[in-house]
């Protein structure tokens, strides 16, 4: 009986260590080109909650990160939002070369209730963020919107202020995405796919007028067999018409979107991952331990 427990414990340690080892190696390396990782905490967090977020985002040495708080005043500054907003969701940003694309990891998927990693990626590309590893966490259940403002603040603090018009449209895109995901017959993944396909079509077709944008929206809705109300169709058309007016390299955005989609698809295929990633990891280890336990019974 004791031998069985020792073997299971040893196997658990070996497997867990093999998962953790690459991450530890990466975290110990400071990228001299882009500087220290930046961690931005929701200003409404209590001291205890902030410490919990530090652990969630693996902040063990304050000398190896830059730390800031994101406030309601920041929402007003970056996206003309409500300065009285409560801010809970927090983010860790590790900048990297644009060629490496965006990697978004929601560390607490059960507590980020509306915004998915794909939605963050789509919105950040619109805002002008093209190369970074971003981790998002919250100790309480929140929609996840304030983390986006925190990421904007991180870039500002790092001396690379993003274009305000693009930030505002990116935030509007996130609002549209979460709003559509609550409609009957639509889910978060389908909405993300729709937004990505519309962006790709805009990159291919370079629409010159709002009517062209409206046609693209209709084409992609038909292709994905999505039915929306006239009001929601207009909401999409208005959003992407604003994007058309911005100084965005849509071809570059298209390539990033394809890279992200491919990367996520590969990971999903290998491990069966979705937005409940960490829950599946826990269940994965539980299943292994249960099987090992049965073997030694």
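Where a number appears in this text, it was derived from the coordinates with a stated rule and is not lab data. Since this is a predicted model, take the numbers as computed values, not measurements. Cβ: placed from backbone, ideal geometry, glycine included. Neighbour counts: every protein chain shown.
Observations, loosely collected:
- Packing order of peptides 130-141, 98-109, highest average first: 130-141, 98-109 (average count of other Cβ atoms within 10 Å over each peptide's residues).
- Ranked packing of 59-68, 201-210, 74-83, most packed first, by mean Cβ within 10 Å: 74-83, 201-210, 59-68
- Over 28 Å [Cα-Cα, region 116-261], rounded percent: 15
- Pairwise label distance in nanometres, residue 224 with residue 141, each label 7 Å out on the Cα-Cβ vector: 2.6
- Theoretical FRET efficiency, 1/(1+(r/R0)^6), r = Cβ-Cβ of residue 157 and residue 98, R0 25 Å, to 0.05: 0.80
- Residues of region 207-245 falling in the label zone of residue 189, defined by backbone nitrogen less than 17 Å from a point 7 Å along Cα to beta-carbon, are 224-226.
- Dividing the Cα radius of gyration of region 170-230 by its Kirkwood radius returns 0.96 for Rg/Rh.
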